[in-house]
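Right, I'll just put the structure down here and ask away after.
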Amino acid sequence: MRSDLFPGYGARHGLPFLFAHSQPPGMTADQEGGGDEEEEADGGAHGLLRRHYLPSLPLDRVVPGHVLLRRGAISFGSCAALLGGTQPRLLSQRRGAISFDSSDQDAIYVRMLGDVKVRSQASQRRGSFPYVEVRLSLGGSASSGRECQRRRVRRLFSCQRYLHAGQLLNGRPRRPSLHMLDKDYVGQAKCMLLKVENWDFDTFLFERLTNGNELVTLTCHLFHKHDLLRHFDLDLVKLRRFLVMLQDDYHNQNPFHNAVHAADVTQAMNCYLKEPKLASHLTPWDVMVGLLAASAHDVDHPGVNQPFLVKTNHHLASLYQNNSVLEKHHWRSAVGMLRESRLFDHLPTDKRHQFETDLGSLILATDITRQNDYLSSFRSHLDSNDLSLANVKHRHLVLQIALKCADICNPCRMWNISKRWSERVCEEFFNQGDLEKKYNVDVSPLCDRSTQNVPNIQINFMTYVVEPLFVEWARFTGYTLLSRTMLAHMRLNKASWCSLQNQATPMAEGHRSDEDTDNDDEDEKVQLFSSL
């Protein structure tokens, strides 16, 4: 594999590429950590910074250029389309070989046929022998008028296929796991979903591997993993219809508030739901509300914050009376799509209304202007040690805190992932500042690209918003491996931003530094990040 197509990933042990984090500034390879789970259990600060490999599937191997030059061939296994490569493959000059560009949608479709169609056709056949022969007729050229040579494919079926049939006959339903990754997805996305509970899950890579279908793929998989379809008797077609509508309503032109962010928050929420102290008390209802709230928490986000909507007399600000405008819009939009998809039509009316209310309660908790209200209540319960997860209200409060953590967990990711999110959110801030200048309204704090910089914004964000919340979450979980890892990442990332800030150009005159704002009220500093 060409390393220039995917910086930060390399080949090792015959595998095409690996999950590897890039070092924060100032970190050496020895400090970087890593290793197996035994090392993580020892409590090392970088224990969870381990590497994961994606296997080399047959159609993921790059066809060398000299092979295409030597013989006629159709290459549909290029990794360039997946890994963001910009260089098209060389076309054969001698034998008329065909090679697809990374942007060619037909190439993705041909790849899909080669990846799963053989298995799909073969799986429909039943026989008494483990070997089944499948004949695939490749369409010939219309000009030649000759039928193309047939290809014989032999596949070995596992005895598990017959065990599954026996389970159905015995009345035990087969529990699906990854089959929602059907003909639209390449095989390596399945491999990533096997690691969906790992904190170093790379949503950016997953978005490329699913061809921009990351939110639908991830949420469907989690619904299967938690057995929610069977428990609530949900229609799979209706669920996918709802998730497709949800994903399409995220604005991909937003640098930060888009479907990739929604998938990232959903993956983080799933990690929090698996924390032992919480998981032992959660009901399937809690899990479903938590996952759907994470998926829908920023749907139809306009890419600007509430003060901008108020200053420009936007109709949403008038509709929701300047109070949690965006969060209420996300909630109402999600409810509208739920009703349109008729996902819960088979449930009693009171249950449907209860779900919509619980969904709204979680989404409204992501309003960062109310951060201190939720945090004070949560801290009070922890201080008095009266938080009972058997209590529905207390459990719901924990779900609210979990979603708040998932929404702003980017600074707690590994440096290479966290840095990308930080640059994206600041770009969205600066785009809003450009609009405010265009419309001759006051530029919001943090949104003026001429006086602000990414390191300064991120340092303040971690200090006044992220760290207080995640410290209390770690107290609640009992300082599990995940919570300790998140705190370690956050502190390393903060140190990295401080290092980059020292290297940055001095801020323009009139801009207040951290020392100038020491006497400001902490609540006012939290309000600065109201667009998150």
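The values are calculated or read from the model by the stated rules, or taken from the named source; none is laboratory data. Only a predicted model underlies this, so the values are computations on that prediction, with no experimental measurement involved. We place every Cβ from the backbone using ideal geometry, glycine too, and count neighbours over all the protein chains shown.
Helices (runs of 4 or more DSSP H) wholly in segment 309-387 with at least 3 residues that are within 29 Å of the chain's Cα centre (by Cα) - which ones?
Numbers: elements: 315-319, 325-341, 349-364, 371-384.
Of the helices (runs of 4 or more DSSP H) lying wholly inside segment 309-387, those with at least 3 residues that are within 29 Å of the chain's Cα centre (by Cα) span 325-341, 349-364, 371-384.
Let me ask you something else. Counting only residues that are surrounded by fewer than 16 Cβ atoms within 10 Å (Cβ to Cβ) and aliphatic (A, V, I, L, M), how many does segment 216-244 have?
3
Looking at segment 441-478, which of its residues are on the phi > 0 side of the Ramachandran plot and either at pLDDT 95 or above or not assigned by TED's automatic domain parsing to the domain that holds residue 366 (or both)?
Hit for segment 441-478 is 478, nothing else.
Could we say that residue 305 is over 26 Å from residue 216 (Cβ atoms), crowded, with 23+ Cβ neighbours inside 10 Å and assigned by TED's automatic domain parsing to the domain that holds residue 224 here?
yes
If a residue has to be within 20 Å of residue 336 (Cβ to Cβ) and among the β-branched types (Val, Ile, Thr) to count, how many in segment 350-382 make the cut?
Count: 3.
Has segment 505-528 got any residue that is modelled with pLDDT of 70 or more and either over 28 Å from the mean Cα position of the chain (by Cα) or loosely packed, with under 14 Cβ neighbours inside 10 Å (or both)?
No; the residues of segment 505-528 include none that is modelled with pLDDT of 70 or more and either over 28 Å from the mean Cα position of the chain (by Cα) or loosely packed, with under 14 Cβ neighbours inside 10 Å (or both).
Separate question: Could you say whether any residue in segment 423-438 is more than 30 Å from residue 484 (Cβ to Cβ) and not in a helix (DSSP H, G or I)?
In the first step, residues of segment 423-438 are kept if they are more than 30 Å from residue 484 (Cβ to Cβ); the result is 427-438.
So of that shortlist, the ones also not in a helix (DSSP H, G or I) come out as none.
Checked against the condition, which is being more than 30 Å from residue 484 (Cβ to Cβ) and not in a helix (DSSP H, G or I), segment 423-438 yields no hits at all.
Residue-by-condition table, conditions (1) in contact with a Phe, Trp or Tyr (Cβ under 8 Å, 6 or more places away or on another chain); (2) at pLDDT 95 or above; (3) farther than 18 Å from residue 425 by Cα; (4) surrounded by fewer than 19 Cβ atoms within 10 Å (Cβ to Cβ):
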site: 248; (1), (2), (3), (4): no, yes, yes, yes
site: 265; (1), (2), (3), (4): no, yes, no, no
site: 276; (1), (2), (3), (4): no, yes, yes, yes
site: 281; (1), (2), (3), (4): no, yes, yes, yes
site: 327; (1), (2), (3), (4): no, yes, no, no
site: 331; (1), (2), (3), (4): no, yes, yes, no
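What number of residues within segment 479-500 are closer than 20 Å to residue 381 by Cβ and either part of a helix (DSSP H, G or I) or not assigned by TED's automatic domain parsing to the domain that holds residue 413 (or both)? Before the answer, list the steps.
Filtering segment 479-500 down to residues closer than 20 Å to residue 381 by Cβ leaves 479-480, 483.
This time we only want the ones that are either part of a helix (DSSP H, G or I) or not assigned by TED's automatic domain parsing to the domain that holds residue 413 (or both), so: 483.
The number of residues fulfilling the criteria is 1.
While we're looking at this one, here's another question. Taking residue 483 as meeting all but one of (1) under 15 Å from residue 275 (Cα atoms); (2) in contact with a Phe, Trp or Tyr (Cβ under 7 Å, 6 or more places away or on another chain); (3) surrounded by fewer than 18 Cβ atoms within 10 Å (Cβ to Cβ), write down the number of the exception.
With respect to (1) under 15 Å from residue 275 (Cα atoms); (2) in contact with a Phe, Trp or Tyr (Cβ under 7 Å, 6 or more places away or on another chain); (3) surrounded by fewer than 18 Cβ atoms within 10 Å (Cβ to Cβ), residue 483 is out only on (3).
Condition first: in contact with a Phe, Trp or Tyr (Cβ under 6 Å, 6 or more places away or on another chain) and of a type in the set (Ser, Thr, Tyr). Now tell me which residues in segment 207-236 satisfy that.
Selection gives 210 alone.
Any chance segment 285-302 includes a residue that's surrounded by 21 or more Cβ atoms within 10 Å (Cβ to Cβ), in the same structural domain as residue 263 (by TED's automatic domain parsing) and more than 23 Å from the chain's Cα centre (by Cα)?
no
It is to be established whether one or more residues within segment 288-309 are at pLDDT 95 or above and more than 28 Å from residue 424 (Cβ to Cβ).
The answer is yes, given that some residue of segment 288-309 is at pLDDT 95 or above and more than 28 Å from residue 424 (Cβ to Cβ).
For segment 282-300, state whether one or more residues are out of contact with any helix residue (DSSP H, G or I) (no Cβ under 7 Å at 6 or more places or on another chain) and over 17 Å from residue 337 (Cβ atoms). Before you say what the answer is, go through the steps one by one.
Taking segment 282-300 as the starting set, the residues that turn out to be out of contact with any helix residue (DSSP H, G or I) (no Cβ under 7 Å at 6 or more places or on another chain) are 283, 285.
Right, trim to over 17 Å from residue 337 (Cβ atoms) and you get 283, 285.
Yes: one or more hits.
Before we move on, is residue 403 in contact (Cβ under 8 Å) with a residue 12 or more places away in the chain, under 23 Å from the mean Cα position of the chain (by Cα), under 22 Å from residue 485 (Cβ atoms) and surrounded by 18 or more Cβ atoms within 10 Å (Cβ to Cβ)?
It is true that residue 403 is in contact (Cβ under 8 Å) with a residue 12 or more places away in the chain, under 23 Å from the mean Cα position of the chain (by Cα), under 22 Å from residue 485 (Cβ atoms) and surrounded by 18 or more Cβ atoms within 10 Å (Cβ to Cβ).
Might you check whether a residue that is among the aromatic types (Phe, Trp, Tyr) and either more than 28 Å from residue 483 (Cα to Cα) or not in a loop (DSSP other than H, G, I, E, B) (or both) occurs anywhere in segment 256-267?
No, the conditions are met nowhere in segment 256-267.
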